[in-house]
1. Tally up the carbon and sulfur contribution to the accessible surface of the chain as a whole percent, 1.4 Å probe, everything protein left in place.
2. Can you compute the modelled spin-label distance between Ser59 and Asp7, with each label point 7 Å from Cα toward Cβ, in nm?
3. Per residue, what accessible area does segment 12-57 have, given a 1.4 Å probe and all protein chains present, in Å²?
4. Could you tally the net charge around His8, taking each other residue with its Cβ under 15 Å from the Cβ of His8, Lys/Arg +1 and Asp/Glu -1?
Amino acid sequence: MKIIFEDHIFEGSPAEIIDQLRREAFDADSFPDSASFLIYMKATFERMTDMPCELPKGSLDERAKAMLQRLTDIDALEIISGD
């Protein structure tokens with residue numbers, strides 16, 4: 001998968017992209033792993049948009065892909081290529 005977020009290109013599996021975004025976060029030390037950052041992203045999305053952000057109960061990759069798709073839906077990022 002390849003995305004553009006804030007003029008930066010991120011590549012890898014959905015979980016790897018979430019981890020890259022975590023490492024770029026202002027307070028990256030607050031998030032020990034990708035799963036905790038994904039929970040934060042979901043909560044932030046819901047708080048800022050007043051829209052639900054349902055993520056599947058599957059693997060981290062499946063949940064990360066759904067999160068990236070939700071961000072695409074609100075034009076927060078662009079998915080250049082899938083899987």
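1. Here carbon and sulfur together make up 51 percent of the probe-accessible area.
2. 3.5 nm
3. Heavy-atom accessible area per residue stands at 65 Å².
4. Net charge in that neighbourhood comes out at -4.
The values are calculated or read from the model by the stated rules, or taken from the named source; none is laboratory data. Quick caveat, the model's predicted, so the values are computed rather than measured. Virtual Cβ from ideal backbone geometry, glycine too; neighbours counted across all protein chains shown. Areas reflect the complete protein model, heavy atoms only, side chains present, ligands, DNA and RNA absent. Shrake-Rupley method; radii C 1.70, N 1.55, O 1.52, S 1.80 Å.
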